[in-house]
Amino acid sequence: MKTQPGTTRFHAPADGRASGGDRPKLTAKQRAIAALEKAIDKDAKAEERLEAARRKAIGEHFTAWIEEADMSVIVEVFAGLEVAATKANRKRIASHPLRPGKVDAIVEKRLAEIERLKAEEAAERERERQMDGGASDAA
């Protein structure tokens, strides 16, 4: 068989690997796992894009909405956001130009209450641990 000038013929490697460099041929199970991983990655990226779009939409309309809201709603929104936020984000939220000053006292009070509840829960867990430890010592 003659080849055309300037062309080459394909020769499969003798060790049974398919073309594609040094990549070994995948088993059906490996191909299925790879396809599943690819689909999961694709879904995760789509979800990330959707979440970013949601955040952008909320961010774009937050200021317009808050400008029209009742003062009590504005105070509750800012207080709720700040209490749920990390310390760094709490500072950022607190610097919003439409945030009422009375939010400070509410946030401080709610954070103190959260800390008090955490301390009570920790003390209760410690009492339970000591009770369990004492019961196992008696046995």
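Quick notes on this structure:
- Measuring against 24 Å, Cα to Cα, the residue pairs K56/K109; K42/K91; K87/K109 contain K56/K109; K42/K91 as the ones spanning a longer distance.
- Fewest neighbouring Cβ atoms within 10 Å first, the residues R129, R90 line up as R129, R90.
- If you wrap the tightest convex hull around every Cα atom of the range 27-68 and split its volume per residue, you get 31 Å³.
- Contact order for the range 70-139, expressed relative to its length and based on alpha carbon pairs under 8 Å spaced 6+ residues apart, stands at 30 percent.
- The per residue volume of the convex hull around the alpha-carbon atoms of the range 80-139 is 69 Å³.
- Gain in span if fully extended, R49 to R116, counting 0.36 nm per residue against the direct Cα distance: 20.2 nm
- Available extension along the chain between E67 and A84 is 3.9 nm, counting 0.36 nm per residue and deducting the alpha carbon span.
A short reminder: the numbers here are calculations on the coordinates, not readings from a lab. Worth saying up front: this structure is predicted, and the values here are computed from it rather than measured. Here Cβ is always computed from backbone atoms with ideal geometry, including for glycine, and neighbour counts include all displayed protein chains.
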